[in-house]
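The values are calculated or read from the model by the stated rules, or taken from the named source; none is laboratory data. Bear in mind the structure is a predicted one, so any value in this text is a computation, not a measurement. Heads up, the Cβs are rebuilt from the backbone with ideal geometry, glycines too, and the neighbour counts pull from every protein chain shown.
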Amino acid sequence: MKKYIQTATPYVLGTLGTFFLLTVPLAYAAGGCDSGTGLKNPLTNICSLEDFVALLLQAVVRIGLPIAVLFIAYSGFLFITAQGNTTKLAQAKETFLWTVVGVAIFLGAWAIALIVKNTIVLIAG
């Protein structure tokens, strides 16, 4: 498991970095929502970086939570089919644990994003 994480991490970070490098300029392509000059913004409902990040996290949560529900059901299936086998029970427990950790990361990232956005809006006035 550790070896897989070590080999997968550079690819995941590279993919996320490329995604942000290519999509964040699109959010600022028109120079803001009120500006009529420059390139036309294809993301019509996004006027700031905060809106873009909130929309991105919302999409991740909408996609990730149904997948998490499927993994919880899968871990329940593993518990049922283990029938007392200690190695299968350990696998089922590990699957359930990492599913719960993933859900906590999803919801924690969403909560932190909302807190940061509301703080920025409050400070900016």
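The figures follow:
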quantity: Single condition A59 does not satisfy, out of (1) surrounded by 12 or more Cβ atoms within 10 Å (Cβ to Cβ); (2) of a type in the set (A, V, I, L, M, F, W, C); (3) modelled with pLDDT of 80 or more; calculated: (1)
quantity: One residue from L70, L65 being under 30 Å from V121 (Cα atoms), under 20 Å from the mean Cα position of the chain (by Cα) and modelled with pLDDT of 80 or more; calculated: L65
quantity: Restricting the stretch 97-125 to residues that are touching a residue at least 60 places away in the same chain (Cβ under 8 Å) and surrounded by 14 or more Cβ atoms within 10 Å (Cβ to Cβ), the residue that is farthest from the chain's Cα centre (by Cα); calculated: K117
quantity: Residue pairs meeting the criteria (Cβ under 8 Å; at least 6 apart or on separate chains; first without any contact (Cβ under 8 Å) to a residue 60 or more places away in the chain, in the stretch 43-72; second surrounded by 15 or more Cβ atoms within 10 Å (Cβ to Cβ) and of a type in the set (D, E)); calculated: N45/D51
quantity: Test: residue in the stretch 75-96 that is more than 26 Å from I46 (Cα to Cα), without any contact (Cβ under 8 Å) to a residue 40 or more places away in the chain and within 15 Å of the chain's Cα centre (by Cα); calculated: no
